[in-house]
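Have a look at the structure below before the remarks.
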Amino acid sequence: MSKQRLPVIVSFGGINGAGRASGHHGVARMAYEALPEQTQQGTLASLASMMALDGAAGNEQYILDHTLIRKIEGQHFDVDAVLWNQRFPTESNGHPVNFDIETRHLPDAIPPSWKVTPTSVTHVNVNIRGHQEFLLPTARDFEVKAAGQLPTGYEPGTLYPSRSHPRGLQMTVCAASDALGNLGLNWEDLQRKVPADQISVYAGSAMGQLDSAGAGGMLKARYNGKRVTSKYCPLSLAEMPSDFINAYILGTMGATGATLGACASFLYNMRMGIADIRAGRARVAFIGSAEAPINAEVMEGYAAMGALATDKELRALDGLASDAAPDHRRACRPFAENCGFTIAESAQMIVLFDDELAMELGATVFGAATDVFVNADGYKKSISGPGVGNYITMAKATAAARAIVGENALRTGGIVQAHGTGTPQNRTSESEILSRVAEAFGIEQWPVAALKSYLGHSLGAASGDQVTSTLGMWHHGIIPGINTIDGIADDVAQDHLVFSRAHREFDASEAAYAVINSKGFGGNNASATMLSPSTVRNMLKARYSKAQWQAYEAANEVVRETQQGYDAGMTNGTIDPVYRFDHGVLQDGDVELDGSRIVVGGYEVSLDLESPYEDMTL
C-alpha cells in the first residue's frame, strides 16, 4: 500500500470578534481572564493595534467591551432607527394633491391620474386626482440588536485600496494576508518550487456579498431611486473570496472555487483541499470563508424565521421589565435556556501542505486536517430544522480519529467543537448526537466547546472560527468556557459529555485530536477530524528518519523566527495587507505550449498525464 499524504496545517489567519487569529490571539481574547498576565498584555496589544488605539495602556476595559458579541454599532446600521420605506397611499377625495417639482425628477412614465403643467424652464406643477401610492422614508426600532462584530475601530477597507469592495471581500483580503504572513515562508519561492497546477484555493461566502456594495446595492438601487453600478453584480458572487485570493493576493493558477453548504461551507471547502492533497492533485491548499451579514436586510430575513435572539426574548429569559436593557454580551447561550442565535461577521483562512513539503521547507506544523465527512438529512419536514445526517458525520469523524490515534487517546485526548448556535432546537438535537456518539465509542467525558457564545454565528465562516480556534486552544492549553449561560438546560443530553461555564486548562502535550461539528440549513451536515500538533509530530517522526527530522527542526527555527517577526509587525501596526492589483498580469505571449508541458509566466505544468483506465484501454 502506497503511503497517504498527510494534509498538515502550516498557517492560519483571520479576523472575527475576538480579533486576529494568527498568533493565537483570538482564543486568548476568549479565555482572557484565565491566561497569564504576559499573554493578556500581548492580546491587548494586538487588539489595540487593530482598533487604531494608541497602545493598550489604559485601554483594557475599552478593548474588552468593544470586542466579541455586543450591541450592534453604528458603522453597521442604527438598530434604534433602521431606515425603510413605508407604503403611503393617498386619496384626493375631491381635493387634488398639488406640488411643484424639478422636471428632471419626473418619472419616465407619467401616471394617468397626474396632470403636469410646466411652470418654468426647470420646474413643473403636478396635480394628482384620485388614488396615489407613495413610499415614505422613515425609521423603526429593530428587534434584534446584538451581533458578533469585528473589534471597534477595525475597518478592513481602510487598510488597502478597497475601491468600493463589499465588506466580505475586504475581510477576505485581510484574512488571507494574515494567513500568508503567518506562513513564515516566502510565497514567491514556494511558487517556484510547487507546480502552478498543484496549489489549490477554495474559499467562499455562504450567502455571497449582500451589503450595499454587492448584491444588496444591486437589488435595492432602483427601488431607492439610485443607479446600478458595474461592480454590484460581479462582486456579489459567492465564490468571489477565492477569486480575490487568486487574483490579488497569491497569483495562483491551480484548482479553485467554493463549495457551499450553508453554515458548514468552510468545512466543505476544507474537504476539497484535503482531498486534493491526499490524492496528490495539490501540494498546497489555501482554504477559507468570509461572511459579512451584519446588515438590516439579511438580519431581517433570519429574524422573520424566528432564528435570531431578540431583545424581547432576552428580557423574557432574564425576567427583565419591558423597558430594561438586556445584556447583549450574553445574547448567545448554547446548550442553556435560549431563544435564538446571534449573527456575526468573520473571515478565516488556513493553509495546508502535504507532509513531505512541510518537512522539506521547515514549515511550522500547527496540526493536521485529515478528514471532513458530509452527509445530508434525507427527507425533511422543515428545510431549516435539524436531521439525522449529523449522526453519520459525527460518527465517521470520530471513527476516523480512532483509526489514527487509537482507542485510549480517542477516549482521553479529544475535544468536540460543537456547532452550538444558541437555539432551542440545536441544544437538544446536537447534544443528543454528541452524547450518543460518545457512548458508542466508549468516551466517558468528552469536553465540549461552544465558541459561538463569544463570537456569534458567522454563517459560512462559522466552522472556520472553530478550526482556527482549535489551533489556539492546543497552543494555550485551554478550552474557553460557555460563560454566557447560567446553567445547562434540562432538555440537553449530558451523558458522556462535559459542559463547563468556566475555562478549562489541559495538558496540550496530551491532546490528540478534535472533532469540529457544523450543521447547516437545508441538511448540510459536516464534521471534521483534526489532529493536534503533538500527534502530528509523532506521526512525522514515525514516517521520516532521525536525520530528516533534525533537518526539519533546523529549517523550522528560521520559519518560526519569521513568524514571530510577522506577529510583532502586525501588533506594532507596521504590516499592511497584501493586495496586488494589476500586478504581474499574464498575457498570451507569456504562455509556451507543446504536447508535453505548458509554461505560463515561468511556471511549468506537465501535460504527461496517464490514463486512470489503463485496464479498459482499447
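The values are calculated or read from the model by the stated rules, or taken from the named source; none is laboratory data. Computed from a predicted model, the values in this text were never measured in an experiment. Reconstructed Cβ throughout: ideal geometry from the backbone, glycine too, with neighbour counts over all protein chains shown. Calculation scope for accessible area: heavy atoms of the full protein, side chains included, ligands and nucleic acids excluded. Shrake-Rupley method; radii C 1.70, N 1.55, O 1.52, S 1.80 Å.
General observations
- Positions within region 210-242 being in a helix (DSSP H, G or I) and open to solvent by less than 50 Å² (accessible area, probe 1.4 Å), in sequence order: ALA215, GLY216, GLY217, TYR232, LEU235, MET240, PRO241, SER242
- Verdict on ALA369 being buried (at least 20 other Cβ atoms within 10 Å of the Cβ), in contact (Cβ under 8 Å) with a residue 60 or more places away in the chain, part of a strand (DSSP E or B) and among the hydrophobic types (A, V, I, L, M, F, W, C): yes
- Just one residue in the set ALA555, ALA542 is part of a helix (DSSP H, G or I), open to solvent by 40 Å² or more (accessible area, probe 1.4 Å) and at pLDDT 95 or above; that residue is ALA542.
- Scanning region 10-41 for residues that are of a type outside the set (A, V, I, L, M, F, W, C), out of contact with any helix residue (DSSP H, G or I) (no Cβ under 7 Å at 6 or more places or on another chain) and not in a loop (DSSP other than H, G, I, E, B) gives GLU33, GLU37, GLN38, GLN41.
- The set of residues from region 171-191 being surrounded by 20 or more Cβ atoms within 10 Å (Cβ to Cβ) and free of Cβ contacts under 8 Å to residues at least 24 places away in the same chain is empty.
- Pairs where the first residue, in region 196-219, is within 13 Å of GLY273 (Cα to Cα) and the second is among the aromatic types (Phe, Trp, Tyr), C-beta under 6 Å, 6+ apart: VAL201/PHE286
- Exactly one residue out of LEU267, LEU260 is open to solvent by less than 20 Å² (accessible area, probe 1.4 Å), touching a residue at least 60 places away in the same chain (Cβ under 8 Å) and within 21 Å of the chain's Cα centre (by Cα), and it is LEU267.
- Residue ID - nearest to SER469 (Cα to Cα), chosen from residues in region 487-503 that are charged (D, E, K, R) and in contact with a helix residue (DSSP H, G or I) (Cβ under 9 Å, 6 or more places away or on another chain): ASP495
- No other residue among SER509, SER532, SER518 is open to solvent by 30 Å² or more (accessible area, probe 1.4 Å), in contact (Cβ under 8 Å) with a residue 24 or more places away in the chain, on the phi < 0 side of the Ramachandran plot and of a type in the set (Ser, Thr, Tyr) apart from SER509.
- Condition met for GLY153 (on the phi > 0 side of the Ramachandran plot and within 23 Å of the chain's Cα centre (by Cα)): yes
- If you go through region 138-150 and keep only what is surrounded by 18 or more Cβ atoms within 10 Å (Cβ to Cβ) and in a strand (DSSP E or B), you end up with ALA146, ALA147, GLY148.
- Restricting attention to region 518-538, the residues that are in contact with a strand residue (DSSP E or B) (Cβ under 7 Å, 6 or more places away or on another chain) and part of a helix (DSSP H, G or I) add up to 3.
- Options GLY157, GLY153; residue that is open to solvent by less than 20 Å² (accessible area, probe 1.4 Å), not in a strand (DSSP E or B) and not hydroxyl-bearing (Ser, Thr, Tyr): GLY157
- Region 572-597 residues that are closer than 16 Å to SER162 by Cα, paired with ones that are of a type in the set (Lys, Arg) (beta carbon under 9 Å, 6 or more apart): PHE581/ARG163
- Test: residue in region 378-385 that is surrounded by fewer than 22 Cβ atoms within 10 Å (Cβ to Cβ), of a type in the set (Lys, Arg) and modelled with pLDDT of 95 or more: no
- Residues being open to solvent by 20 Å² or more (accessible area, probe 1.4 Å), closer than 22 Å to ALA568 by Cβ and hydroxyl-bearing (Ser, Thr, Tyr) - total across region 26-75: 2
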